[in-house]
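Asker: Pasting a structure below so you can have a look.
The values are calculated or read from the model by the stated rules, or taken from the named source; none is laboratory data. Bear in mind the structure is a predicted one, so any value in this text is a computation, not a measurement. Positions of Cβ are generated from backbone atoms using ideal geometry, with glycine treated the same way; all protein chains shown enter the neighbour counts.
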Amino acid sequence: MHDSSFQAGALDLGPLESVCFHGLKAGPKLIVLGAVHGNEGCGPAAINRVIADCRKGALSVLRGEVTFVPVANPKARRQNTREGDRNLNRDMRERPQPGDNEDRIGNRLCALLRRHDVLLDVHSFRGEGEPFVFFGPEDNTGELEAFRHAGAEASFAASLGTGMLIHGWLDIYVRLIAARERLGLARLAVTEGFGTTEYMRFAGGYGVTLECGQHDDPASIDVGYAAIHKALAHLGLIDAPAPARTRPKVIHMCDLVICEAEGDQIEGDWKTGDAIAAGLPIARRADGAVVLAPRDGFAIFPNKTPKPGEAIIYLGEVSPRRVEG
């Protein structure tokens, strides 16, 4: 007797595929993830192209090692959805009693991350905008995200070839939590803001999130592919010229406009990275009230279909941090 429900459940359990290339000389250990969100196809496509390069000898890992995980969330990838059961890139930690698909994947990914020094997590985004890299905080011993590799991480981020770097994710997530509380919505834990890069920093390494562009833009695959090559060169895993030194635009996420009620919406056709002048309309409340930009800055992740408790738009400002690849 064929039990189709059992077969479907068994498929949801994975497995995770990883491909590792070991250099024969000492060097750092890099891990590259794709499809942490299943509807972001540029990561798997770019990673599989680089794996093919390695297998046919067009690319030779000489030092350290690199582990590729083309599809970090197989269930979500099969469904072509952002999530399997929930967002894998939230509340990333190990769980002795996993309760869902992302819990089980998280246990495996956390173990993999701890075995490496550097993470490159390849993503894309829904709206329009230029590719960019999310990187982490400055060195600190604080409670939110203690860190000691800020210089190396920032240099790695700048080496990947995008013209824009953004930092400040966890700080802005704390502000989102506070805004939700003011609205009387269910409280989120700060750990909900922890994803792959935050876990990598907690584990003693460093890591960045590469946002390659819009989900369905074929160019996003090329962005990811080129960035992986640059990452290997920057870390010295391959013999290749170091990526050209650049001074990308650096943005600090500093504010957000939260959706307070059904009908709140974005005002204007903003894209991630767009400059916004102080006083320009950026959102409109369901009652018609207009929200104005409080200062000169930049649009980040404008959301055309926000739900109450979600950000309609994040706002950035010119960062005082100076970063060079």
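Asker: Quick test for you: out of Asp222, Asp296, Asp255, pick the one residue that is closer than 21 Å to Glu138 by Cβ, of a type in the set (Asp, Glu) and in contact with a strand residue (DSSP E or B) (Cβ under 9 Å, 6 or more places away or on another chain).
Answerer: Asp255
Asker: Regarding Arg49, is this residue closer than 19 Å to Tyr199 by Cβ, surrounded by 14 or more Cβ atoms within 10 Å (Cβ to Cβ) and assigned by TED's automatic domain parsing to the domain that holds Leu210?
Answerer: In short, no.
Asker: Report those helices (runs of 4 or more DSSP H) wholly inside region 168-268 carrying at least 2 residues which are hydroxyl-bearing (Ser, Thr, Tyr) and crowded, with 16+ Cβ neighbours inside 10 Å.
Answerer: Here the list reads 196-202, 219-234.
Asker: Can you tell me which of (1) polar (S, T, N, Q); (2) farther than 18 Å from Thr191 by Cβ; (3) buried (at least 17 other Cβ atoms within 10 Å of the Cβ) is the one Thr141 doesn't meet?
Answerer: Every listed condition holds for Thr141 apart from (3).
Asker: Residue under question is Asn107, and the condition is that it be in the same structural domain as Ala46 (by TED's automatic domain parsing) and assigned to a loop (DSSP other than H, G, I, E, B); does it hold?
Answerer: no
Asker: Between residues in region 59-78 that are in the same structural domain as Lys25 (by TED's automatic domain parsing) and among the hydroxyl-bearing types (Ser, Thr, Tyr) and residues that are assigned to a helix (DSSP H, G or I) and surrounded by fewer than 21 Cβ atoms within 10 Å (Cβ to Cβ), which pairs lie under 7 Å by C-beta distance while being six or more apart or on different chains?
Answerer: Thr67/Leu112
Asker: For Gly84, state whether it is part of a strand (DSSP E or B) and either buried (at least 22 other Cβ atoms within 10 Å of the Cβ) or in contact (Cβ under 8 Å) with a residue 24 or more places away in the chain (or both).
Answerer: So Gly84 does not fit the description; no.
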